[in-house]
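What follows is a short report on a single structure.
The values are calculated or read from the model by the stated rules, or taken from the named source; none is laboratory data. Computed from a predicted structure; not experimentally measured. Every residue, glycine as well, gets a Cβ built from its backbone with ideal geometry; the counts of neighbours run over all protein chains shown.
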Amino acid sequence: EPLFNVTNASPGVTRYTTLQTLIRLVGQQWLGGLVNSRNWTDVWILESSLTDLKHAMIPKA
């Protein structure tokens, strides 16, 4: 099943994975311009922010 062709009849795991992916992609667009890393050792700042965003948004969906 395509990732963004999910309906209410789709399995719960598919809907959950799709929601996680969508939140991460939107978060990368929003936070990517705000949180810049000088080098690869600073990438954890963006990654942890995206993880926090994902965990904050999924219970509200």
Checklist outcome for this item: Checked the range 45-61 for anything in contact with a helix residue (DSSP H, G or I) (Cβ under 8 Å, 6 or more places away or on another chain) and surrounded by fewer than 11 Cβ atoms within 10 Å (Cβ to Cβ); matches are 61
Item to check | Residues located in the range 26-44, provided they are outside any helix (DSSP H, G or I) and surrounded by 14 or more Cβ atoms within 10 Å (Cβ to Cβ) | outcome: 35
Checklist entry - If residue 23 passes every condition in (1) surrounded by 11 or more Cβ atoms within 10 Å (Cβ to Cβ); (2) more than 10 Å from the chain's Cα centre (by Cα); (3) of a type outside the set (Lys, Arg) but one, which one does it miss? => result (2)
Checklist entry - So, in the range 1-20, of the ones that are surrounded by fewer than 10 Cβ atoms within 10 Å (Cβ to Cβ) and either modelled with pLDDT under 75 or not hydrophobic (A, V, I, L, M, F, W, C) (or both), which residue ends up nearest to residue 55 (Cα to Cα)? => result 12
Checklist entry - Under 8 Å by Cβ, and 6 or more places apart or on different chains, what pairs join a residue from the range 1-18 that is under 15 Å from residue 59 (Cα atoms) with one that is modelled with pLDDT of 75 or more and outside any loop (DSSP other than H, G, I, E, B)? => result 16/58
